[in-house]
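The values are calculated or read from the model by the stated rules, or taken from the named source; none is laboratory data. This is a predicted model, so every value here is computed, not measured. Cβ: placed from backbone, ideal geometry, glycine included. Neighbour counts: every protein chain shown.
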C-alpha cells in the first residue's frame with residue numbers, strides 16, 4: 001500500500017468542523033505560507049484549485065469555495081470546453097498540486113506551487129493540438145463564502161464584519177475587515193488576499209462578493225502558452241509592502257521561482273529518504289509533507305518560523321515547547337533550517353530575570369506561543385500560555401540538529417540557555433530539594449489569588465461542615481460551585497471528603513506541564529471509574545477510594561519568600577529520566593565547547609540521577625516505573641521518601657527510563673514484559689497512554705487510553721534499545737498497518753483508538769508525523 005494525502009475538498013462554509021473540531025479536508029500549505037489549497041472533488045468545480053483556507057492569525061478558515069475558476073471557449077466556433085467532456089488527471093506531487101484536462105484539440109494544465117512565504121503561483125498552460133490557429137476566450141470567476149458554519153450565515157455570526165472586493169485589469173484585491181473574536185477569527189483590518197495575473201483582463205463585479213474577468217488569447221497551430229496567477233495572503237500592511245515587491249520580481253521570472261520551489265522539495269526528499277527502513281518510504285513522504293504543511297512563516301509575535309501541531313485543528317495554529325522539540329528532531333534530517341527556526345522561536349520567549357511579569361521564572365521556556373500574546377502580556381489572544389512549561393527535551397532536539405548540521409555556533413548560542421532552563425527545574429520545581437523534580441504550575445491568576453494563595457473550585461456536599469466553611473469563605477459560581485483560595489481550606493476539603501467534585505487550576509497546569517494533560521497519575525479519573533475503583537478496593541467506600549486519587553500542591557518560594565510557583569505532590573519518573581538524559585547531552589555540548597570541567601560534572605550528575613531514578617521510581621513487585629508521591633511521613637523500602645503511586649495504574653511514563661537510556665537491563669526486562677502483555681499495553685494498536693488494567697483507562701480519553709505516537713515511538717525505541725528488536729518491529733508494524741488511513745490517503749492523526757485503530761483527535765498532526773519519520777529513519781528492516 002502507498003501512503004498518501006487526499007487533497008480533495010469542497011468547502012461550503014468558512015468553518016467545516018468534524019467531530020474532533022478539525023477543519024475538514026487536507027489543503028496543501030508550503031513554504032511557511034498562511035493559506036492553502038485543495039483539489040476539486042466535483043466536476044462542477046473543475047478548472048480551479050479550491051479554497052483557499054487562510055489562517056486568520058490563530059484559526060484556519062475557508063475564504064472561498066473557489067477563486068479564479070477558469071472557463072474556456074473558442075471565439076471562432078463558439079465552442080465551450082466542458083470539463084465533463086475532458087480526460088482528467090489530478091496529481092498531488094510533493095509540494096505542488098496539478099490538474100490536467102485533455103480535449104481532442106486542446107490541453108489545459110493547471111499547476112500550483114508555493115514560491116514565497118505569502119504567495120502561491122498557479123501556472124495555466126494551454127496547448128493547441130489542432131492544426132490551425134485558435135483564439136480562445138478565458139473567463140475567470142470567483143466568489144467569497146457567505147456561510148459561517150452549519151448553514152449559519154457569516155452576517156448572522158459577525159454582523160459588523162466587512163469584506164471588500166476591488167477589481168482591476170491585473171487581478172482581484174480582497175480586503176478583510178477587522179474582527180477580534182478571540183476563539184474563532186482574528187483579523188487586523190489590514191489583512192488582504194490578492195490575486196495578480198500575468199495578462200490583463202476585463203473585470204466585472206457579480207454582486208458584492210463575486211467577480212468575473214475575461215481576456216482573449218491567440219494560439220498558433222501546435223503552440224503552447226503559459227499564463228501565471230499569484231495568490232497572496234498577508235496579515236497587515238507591512239507584510240503587503242514586502243510581498244508586493246516580491247511579486248514584481250516573481251512576475252519577471254516566474255519559471256525561476258517555480259524551479260526553486262521544486263528544487264527545494266527535491267532536496268527534502270534526497271536528504272530525508274533512505275532504502276533500508278522498516279517503514280515504507282511513502283509513509284515517510286507523508287510525514288514530511290505533514291510537517292512542512294504545518295510550517296508557518298514568522299508573523300505577529302512569532303519572531304521565527306514555527307511548525308505548528310496542526311493547520312487543520314481548531315486550536316493548534318501556534319507553537320508548543322515539547323511539540324517543537326519533537327518536530328525539530330525529525331525535521332533536522334530534511335529541513336534543518338526550519339528545525340532551527342522552530343527551536344529559536346521558543347527561545348525567543350525564554351523568561352529573563354528582568355522580565356516584568358515573572359522574573360521568578362528566569363530560565364523557563366513557556367508552554368505555547370501564538371500570533372497574539374495574552375492579556376497579561378498586553379495582547380488580546382486566548383491561546384498564549386505561560387501557566388506551565390513542557391518536559392525537558394530541548395537539549396535532545398538541539399543535539400539531534402547538531403548531529404546533522406555540525407553547527408557549532410548554534411551550540412555556542414543555545415548551551416547557556418539550555419543550562420538556564422535545566423537549572424530552572426531544580427530552582428522552581430524541586431520542592432524538597434532532593435534532586436528529584438516535580439511537575440507543577442507557575443504563579444498565575446488562574447492558579448493563585450493576588451496574595452499567592454492557591455485557587456480551587458469545589459462543589460461541597462450539602463448539610464456538612466465543609467459546606468458551611470465553603471459558603472462562608474468562598475465566592476459562589478452557581479450550580480453549587482464555589483471559587484476558593486488558600487491551601488488550608490483546600491487541605492480541609494481533601495481531608496473531609498465532603499465534596500461532590502473539586503477542580504484546581506494548578507492540577508491542570510501540572511498535567512499540561514507533563515504534556516500528558518489528564519493522565520491518571522495526576523489524579524484524573526471520572527466519577528464512574530472512581531466508583532468502580534471504590535467497589536473493587538474499598539467495598540464501595542467512595543471517600544476512601546478518593547484518597548488514592550487526591551492531589552496536593554506545594555508552594556515553592558525563594559530565599560526571600562517570593563512565590564516561585566507550585567509543585568504537585570509527586571516526583572515524576574519520566575521528568576527525572578529526561579533530566580538525567582539531558583545532563584548527558586549537556587556534557588556532550590560542554591565537551592564540544594571545550595568546557596572540560598563542566599562536561600565532567602554534567603556526566604557525573606547524569607549517572608547519579610540515573611541511579612536515583614532506578615532506586616526511587618521502580619516497583620520491584622509489579623516490574624514497572626511509577627511516579628512517587630511526596631510530602632508523606634512514611635518511607636518505603638527504597639529509602640526514598642513518600643510512596644510509589646501504583647494505585648493509579650500504569651502509563652507510558654513507565655518506559656521513559658528505557659528510552660532515555662537510564663534503566664538497568666534487569667528493570668528493562670521487567671518493563672518490557674508489562675509492555676508486551678496483552679492485558680496491559682499490547683492491544684490492537686499498541687502502547688496506549690494507559691494500560692488496559694488502569695482504573696482510569698478509557699479508549700477514547702485523551703491521555704488515559706488513546707494511542708499517542710510520541711509515546712508509541714518512545715516505547716518502540718525503548719524496546720529496541722534494550723535488545724527487544726523483534727518485538728519493537730512487531731509493535732511498530734502493528735500500528736502502521738492497523739491505524740485507519742495511515743497507509744492509505746488519510747491524514748496522520750493526533751492519536752488512535754487502541755482497540756480498533758479508529759482515528760482520534762487532530763488531523764495532520766505534526767508530532768505524530770515527526771515520530772513516524774524518526775522511526776522510519778531509526779528502525780531498519782534488520783536488527
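Restricting 757, 741 to residues that are part of a loop (DSSP other than H, G, I, E, B), at positive phi and in contact (Cβ under 8 Å) with a residue 60 or more places away in the chain narrows the list to 757. Just one of (1) at positive phi; (2) in contact with a strand residue (DSSP E or B) (Cβ under 6 Å, 6 or more places away or on another chain) fails for residue 207. It is (2). The requirement of being outside any loop (DSSP other than H, G, I, E, B) and in contact with a strand residue (DSSP E or B) (Cβ under 9 Å, 6 or more places away or on another chain) is fulfilled nowhere in the stretch 395-409; no residue meets it. Filtered by the rule that a residue be surrounded by fewer than 23 Cβ atoms within 10 Å (Cβ to Cβ) and over 22 Å from residue 234 (Cα atoms), the stretch 280-297 gives 280, 281, 282, 285.
Looking at the stretch 715-733, is at least one residue modelled with pLDDT of 95 or more, closer than 18 Å to residue 5 by Cβ and surrounded by 24 or more Cβ atoms within 10 Å (Cβ to Cβ)? Scanning the stretch 715-733, I find no residue that is modelled with pLDDT of 95 or more, closer than 18 Å to residue 5 by Cβ and surrounded by 24 or more Cβ atoms within 10 Å (Cβ to Cβ), so the answer is no. If you go through the stretch 301-310 and keep only what is over 10 Å from residue 766 (Cα atoms) and buried (at least 21 other Cβ atoms within 10 Å of the Cβ), you end up with 302, 305, 306. Output the residues belonging to the stretch 208-218 that are in contact (Cβ under 8 Å) with a residue 60 or more places away in the chain and outside any strand (DSSP E or B). Hit for the stretch 208-218 is 209, nothing else. The criterion of being buried (at least 20 other Cβ atoms within 10 Å of the Cβ) and over 18 Å from the mean Cα position of the chain (by Cα) does not hold for residue 253.
It is to be established whether one or more residues within the stretch 419-433 are within 22 Å of residue 553 (Cβ to Cβ), within 25 Å of the chain's Cα centre (by Cα) and touching a residue at least 40 places away in the same chain (Cβ under 8 Å). Within the stretch 419-433 (the criterion being within 22 Å of residue 553 (Cβ to Cβ), within 25 Å of the chain's Cα centre (by Cα) and touching a residue at least 40 places away in the same chain (Cβ under 8 Å)), the answer is yes, since at least one residue qualifies.
Residue-by-condition table, conditions (1) surrounded by fewer than 23 Cβ atoms within 10 Å (Cβ to Cβ); (2) in contact with a strand residue (DSSP E or B) (Cβ under 7 Å, 6 or more places away or on another chain):
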{"position": "624", "(1), (2)": "no, no"}
{"position": "638", "(1), (2)": "yes, no"}
{"position": "643", "(1), (2)": "yes, yes"}
{"position": "651", "(1), (2)": "no, no"}
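In the stretch 332-354, the residue that is nearest to residue 771 (Cα to Cα) out of those that are touching a strand residue (DSSP E or B) at 6+ places or on another chain (Cβ under 9 Å) and in a loop (DSSP other than H, G, I, E, B) is 335. Quick check on the stretch 13-27. Is at least one of its residues under 30 Å from residue 253 (Cβ atoms) and surrounded by 23 or more Cβ atoms within 10 Å (Cβ to Cβ)? Among the residues of the stretch 13-27, at least one is under 30 Å from residue 253 (Cβ atoms) and surrounded by 23 or more Cβ atoms within 10 Å (Cβ to Cβ), which makes the answer yes. Residue check: residue 241 meets all listed conditions (1) surrounded by 20 or more Cβ atoms within 10 Å (Cβ to Cβ); (2) more than 28 Å from residue 133 (Cβ to Cβ) but one, namely (1).
Looking at 142, 151, just one residue is under 21 Å from residue 12 (Cβ atoms) and buried (at least 21 other Cβ atoms within 10 Å of the Cβ), and that residue is 142.
Residue-wise test of (1) at pLDDT 95 or above; (2) within 27 Å of residue 513 (Cα to Cα); (3) not in a loop (DSSP other than H, G, I, E, B).
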{"position": "430", "(1), (2), (3)": "yes, yes, no"}
{"position": "436", "(1), (2), (3)": "yes, yes, no"}
{"position": "441", "(1), (2), (3)": "yes, yes, yes"}
{"position": "450", "(1), (2), (3)": "no, yes, no"}
{"position": "458", "(1), (2), (3)": "yes, yes, yes"}
{"position": "482", "(1), (2), (3)": "yes, yes, yes"}
{"position": "492", "(1), (2), (3)": "no, yes, yes"}
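Of the residues 140, 183, 148, the single one that is touching a residue at least 24 places away in the same chain (Cβ under 8 Å) and under 29 Å from residue 107 (Cβ atoms) is 140. Would you mind stating whether residue 765 is under 22 Å from the mean Cα position of the chain (by Cα) and under 21 Å from residue 24 (Cβ atoms)? Taking the combined requirement at face value, the residue satisfies it. Taken over the stretch 744-762, the criterion of being more than 21 Å from the chain's Cα centre (by Cα) and more than 21 Å from residue 681 (Cβ to Cβ) is satisfied by 744 alone.
Scanning the stretch 261-279 for residues that are over 17 Å from residue 332 (Cβ atoms) and exposed (fewer than 12 other Cβ atoms within 10 Å of the Cβ) yields a total of 3. Quick check, is residue 781 in contact with a strand residue (DSSP E or B) (Cβ under 8 Å, 6 or more places away or on another chain) and farther than 28 Å from residue 611 by Cα? Answer is yes for this residue. Checking the stated criteria, residue 109 turns out to be assigned by TED's automatic domain parsing to the domain that holds residue 168, within 30 Å of residue 286 (Cβ to Cβ) and surrounded by 15 or more Cβ atoms within 10 Å (Cβ to Cβ). Would you point out the residue of the stretch 760-783, among those that are part of a loop (DSSP other than H, G, I, E, B) and over 20 Å from residue 715 (Cβ atoms), that is modelled with the highest pLDDT? Going through the qualifying residues, I end up with 764. Residue 608 passes every criterion in (1) farther than 30 Å from residue 547 by Cα; (2) surrounded by fewer than 19 Cβ atoms within 10 Å (Cβ to Cβ); (3) touching a strand residue (DSSP E or B) at 6+ places or on another chain (Cβ under 7 Å) apart from (3). Inside the stretch 171-191, residues that are closer than 30 Å to residue 138 by Cβ and surrounded by fewer than 20 Cβ atoms within 10 Å (Cβ to Cβ) make up a count of 2.
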